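One structure below.
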Amino acid sequence: MCGIVGYVGDKESAPILVSGLKKLEYRGYDSAGVAVVGRNQLNVVRATGKLRNLENRVVAEPPAGTIGIGHTRWATHGRPSDENAHPHAYRGVAVVHNGIIENHLALKEELGGSGHVFSSETDSEVFAHLIADEQERGLELKDAVRAAVARVRGTYALAVVCAQDPSRIVCTKDASPMVLGLSVGQNFLASDVPALLEHTRDFVYMEEGDLAVLTAEKVEIFDREGRPANRPTRRIDWTPVMAEKGGHKHFMHKEIHEQPRAVADTIRGRVLLSEGDVHLEGFGFTPEQVRAITKVTVVACGTSYHAGLAGKLMIESLARIPVEVELASEFRYRDPIVEPTHLCVAISQSGETADTLAAIKEARARGALAMSICNVIGSAITRETAFSLITNAGPEIGVASTKAFTTQLVALYLLGVKLGRLRGRLTVREAQRRLTHLTEIPKLMEAVLRSEGAVKRIAQAFQAAQGFLFLGRGPMHSVAMEGALKLKEISYIHAEGYAGGEMKHGPIALIDDKLPVVVIAPRDPQIAYEKILGNIEEVRTRGGKVIAVLEEGDEQVRKLADHAIVVPPAPALLAPVVATVPLQMLAYHVADLRGNDVDQPRNLAKSVTVE
Ligand code: AGP
C-alpha cells in the first residue's frame, strides 16, 4: 500500500530518495516525505498530495545528507495531511512504515501516560516513540528497533534512521514487502524492485521477521531470533526502461501495448511443440500427485480473481479436474473444505496481496498442494508456495492491471495443458493443437491494438455515460467482469459485468436509451453465439446502445450493433486473452477523456498489503 525507500552511501540522498519514490508512487499517493540525516541533524520534509509537491519542497530547500529514508503513503489511519505523512520523527529518530499496528491505541495511551505527545493521527508514529524510548534506555539502534517491534501487534515494513547514528539504516519486515538493493559503496532498501533498478540489479528479499542494518559498506541481516541470516542475492533482469513510460502518456497505455510481448515472454521456453507438452521450471509435483488431484481451488482478488474464473474453464476443459474459484478475502475467513488431494493456486500480480497470501497459507496449513501464479519473483506469495509459475509481464506500474491479467490467462492455459498431459487427458496431438493456438495469440493481440482509433471514437461517444453494462457468455463472462472493473476503477463510472444469460434476471431493468451495453460476441458456437445474439436484440428492443466486440467478418452482429470493435477469431478458451484488450483500451480512453489520473486512480493502491 505504501512505498518505502532508503539510501546510505556517499551521494546526497534526497534526490535518490525522491527518484525512488517516483517509481513507487503507484503504491500510494496521498502524501509523501523524506528524512535525511546530515551533520547529526535530522531533516524531515513532507507534503500532502502527489509526489511532485514533495519534490518541489525538496528542490526549494534540499535537505543535506548522504543517508535517508522516504515514503509515499496510502492512508489507513488518519486522513492525508502533512502531519500524517511519513517519515514520523521523535527525539531524533525517524521512521517510515508500511503496514498496520493493530494495538496502536493501547500503545499510544501507555506512551501518553509517560509524557509522550503525538503529532499525527497515524498508528505508525508509535514506532518512532517506542524506538526513541529504547535508545534512551541505552540500546543501540538495531536493538532498539527489535525491542520496539516486539511490542507491536500487526504488520510492518519499517525503516529507521536516527540523528545520533548517521552511518546506518535499520529496517525490518513482517508481512509487508521489503527488498534490499546491493551496490559498491552504497546500499538501498525499497518496497519494490523498480524503485532501485537505476542503481542496482542485485537484490535480497527479506524474509518475515528479518532485520537488516545497512551501512555504505555492508548489509547485515538477522532473523527473527536475532541470529545472523544468510539470504540469497538475486539478480533481476528487468531494465530501468521497463519501469519507464517510454513515450506513452500513461503507464497503463504502455502496459496495454506491451501485451503481445508480455504474453510471448510468458510462453517462451515453456511450450514444447514437438513433444506436445509444457515445460514449467520448478514444477515439482510428481505425476502421482497430479493424478491424485481431485479438485483445484483458485484463490485471488480483483483482476486476478477474474483470471481465475477464465482459468477454471481452461483447466476443467484441458485436464478435466473440477475447479473452484474463490475470493481470497472470503476463503480465509470461512472454514473451507481442503484435502491433501486438492491443488490450491494463488494468483497475484504483486505476490503481496494480504488476503491472497493468507488464503494460500490457510490452504497449505490444511494440507493442500500449493502453487502460485505471480508476476514478482521472490514476492511473499511465491515464497509461500512450493511452485510458482512466473508471468513474465515485467513491472506493472499502472494501478489498473492489464498485462498482468492477460499473462495470468496464458499461465493458466499452460498449467491446464500440463495437468492435462500428466493426467492422460490430452493426447500429444491434441496438446500440440492447443499449444499451437497459444503461440498464435501475441499476433492476434497486435491486430487488436491496431483498432485503438475505433475504440477511442467509441470512448468519445460515451465518455459522459452514467453507467455501463458488460455482457459475455462462457469464457467471456470473466472478460465482461474484467471490462467492468477496468472501467469503474479508472473512469469512476459505475459498471456491471454479467453473464449474458443472467441479464433477464435483473440487469435488464437498467436498460434505456442512455445505457451503453458492451456485448462480447465472438462467433463461436461454444460461446453460445446464438444466445448472445438474443441478448443484443433484447438490449436493442429497450433502446440500449450496443457496443459489440465482434469477430472479423461477422456482418450479423455488425448490423445489429450501434458500435463495433472488431477482433480476430481465437479458439474459445483463449479468446479472453484477445477480447480483453479492447475493453482495457475503452476504459483507458474514457478515463483519459474525463481528465482522470489514469495511473493512480482515487482511493486505490496497486498492491493491497492490508486487509
Ligand atoms: C486491478 O486492476 C486492481 N487494481 C486489483 O483488483 C488487483 O487485481 C487486486 O488488488 C489483486 O492484486 P494482485 O494481483 O497483485 O494480488
Does GLU362 count as farther than 27 Å from LYS488 by Cα and more than 11 Å from the ligand (Cβ to nearest atom)?
-> yes
Quickly run through region 399-437 and pick out the residues that are open to solvent by less than 10 Å² (accessible area, probe 1.4 Å), within 12 Å of the ligand (Cβ to nearest atom) and of a type outside the set (A, V, I, L, M, F, W, C).
-> THR402, LYS403, THR407, GLN408
Scan region 5-36 residue by residue and report those that are under 16 Å from SER183 (Cβ atoms), in a helix (DSSP H, G or I) and open to solvent by less than 10 Å² (accessible area, probe 1.4 Å).
-> SER13, LEU17, GLY20
Within region 342-371, residues touching a Gly at 6+ places or on another chain (Cβ under 9 Å) and in a helix (DSSP H, G or I) come out as LEU357
Leading residue by the ranking (farthest from VAL581 (Cα to Cα)) among those in region 406-456 that are in a helix (DSSP H, G or I) and free of Cβ contacts under 8 Å to residues at least 24 places away in the same chain = ARG433
State all residues of region 287-312 that are part of a helix (DSSP H, G or I), touching a residue at least 24 places away in the same chain (Cβ under 8 Å) and either among the β-branched types (Val, Ile, Thr) or more than 12 Å from the ligand (Cβ to nearest atom) (or both); if no residue qualifies, say none.
-> PRO287, GLN289, VAL290, ARG291, ALA292, THR303, LEU309, ALA310, GLY311
Does VAL45 qualify as being open to solvent by less than 50 Å² (accessible area, probe 1.4 Å), over 23 Å from PRO177 (Cα atoms) and touching a residue at least 12 places away in the same chain (Cβ under 8 Å)?
-> yes
Just give me the residues in region 183-207 being in contact (Cβ under 8 Å) with a residue 60 or more places away in the chain and either part of a loop (DSSP other than H, G, I, E, B) or of a type in the set (Gly, Ala, Ser) (or both), in sequence order.
-> SER183, GLY185, GLN186, ALA190, SER191, ASP192, ALA195, LEU197, GLU198, HIS199, GLU207
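Tally time: how many residues in region 573-611 are assigned to a loop (DSSP other than H, G, I, E, B), away from the ligand (no atom under 16 Å from the Cβ) and within 19 Å of GLN259 (Cα to Cα)?
2
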In this structure, does GLY68 turn out to be without any contact (Cβ under 8 Å) to a residue 60 or more places away in the chain and either assigned by TED's automatic domain parsing to the domain that holds ASP192 or in contact with a Cys (Cβ under 9 Å, 6 or more places away or on another chain) (or both)?
-> no
Among (1) in a loop (DSSP other than H, G, I, E, B); (2) open to solvent by less than 10 Å² (accessible area, probe 1.4 Å) - the single one SER120 does not satisfy = (2)
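Every residue, every condition in (1) under 30 Å from ASP599 (Cβ atoms); (2) open to solvent by 50 Å² or more (accessible area, probe 1.4 Å); (3) not small (Gly, Ala, Ser), yes or no:
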position: VAL241; (1), (2), (3): yes, yes, yes
position: GLU255; (1), (2), (3): yes, no, yes
position: ASP265; (1), (2), (3): yes, no, yes
position: GLY302; (1), (2), (3): yes, no, no
position: ALA319; (1), (2), (3): no, no, no
position: GLN349; (1), (2), (3): yes, no, yes
Scanning region 80-117 for residues that are under 33 Å from the mean Cα position of the chain (by Cα), part of a helix (DSSP H, G or I) and touching a residue at least 12 places away in the same chain (Cβ under 8 Å) gives HIS104, LEU107, LYS108
Just for region 234-260: of the residues that are in a loop (DSSP other than H, G, I, E, B) and touching a residue at least 24 places away in the same chain (Cβ under 8 Å), which one is nearest to LYS443 (Cα to Cα)?
-> GLU258
So which of LEU158, LEU180 is in contact with a His (Cβ under 6 Å, 6 or more places away or on another chain), surrounded by 24 or more Cβ atoms within 10 Å (Cβ to Cβ) and part of a strand (DSSP E or B)?
-> LEU158
Among the residues of region 261-286, the number that are charged (D, E, K, R) and part of a helix (DSSP H, G or I) is 2
Matching residues, region 552-611, being over 21 Å from the mean Cα position of the chain (by Cα) and of a type in the set (Asp, Glu) = GLU552, ASP554, GLU555, ASP562, ASP592
In region 212-228, is there at least one residue being assigned to a strand (DSSP E or B), loosely packed, with under 13 Cβ neighbours inside 10 Å and out of contact with any Lys or Arg (no Cβ under 7 Å at 6 or more places or on another chain)?
-> yes
Flagged in region 529-568 as open to solvent by 70 Å² or more (accessible area, probe 1.4 Å) and either not basic (Lys, Arg) or not assigned by TED's automatic domain parsing to the domain that holds ALA454 (or both), in numbering order, are GLU530, GLU537, THR541, GLU552, GLU555, GLN556, ASP562
Of the conditions (1) in contact with a Gly (Cβ under 6 Å, 6 or more places away or on another chain); (2) touching a residue at least 40 places away in the same chain (Cβ under 8 Å), ASP513 fails just one. Which one is it?
-> (2)
What number of residues within region 475-510 satisfy the criterion of being surrounded by 24 or more Cβ atoms within 10 Å (Cβ to Cβ) and away from the ligand (no atom under 16 Å from the Cβ)?
-> 4
Being at pLDDT 95 or above, open to solvent by less than 10 Å² (accessible area, probe 1.4 Å) and either in a helix (DSSP H, G or I) or β-branched (Val, Ile, Thr) (or both), is that true of even one residue in region 378-397?
-> no
Restricted to region 185-195 and to residues being modelled with pLDDT of 95 or more and crowded, with 21+ Cβ neighbours inside 10 Å, the residue farthest from LYS23 (Cα to Cα) is GLN186
Which of the residues belonging to region 328-347 are more than 13 Å from the ligand (Cβ to nearest atom) and open to solvent by less than 10 Å² (accessible area, probe 1.4 Å)?
-> PHE331, PRO336, LEU343, CYS344
Unmet criterion (only one of (1) more than 14 Å from the ligand (Cβ to nearest atom); (2) surrounded by fewer than 20 Cβ atoms within 10 Å (Cβ to Cβ)) for ILE315 | (2)
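The values are calculated or read from the model by the stated rules, or taken from the named source; none is laboratory data. All values derive from a computational prediction rather than experimental measurement. Glycine also receives a Cβ, built like all others from the backbone with ideal geometry; neighbour counts cover every protein chain displayed. Protein only, heavy atoms only, side chains kept; ligands, DNA and RNA dropped before computing areas. Shrake-Rupley method; radii C 1.70, N 1.55, O 1.52, S 1.80 Å.
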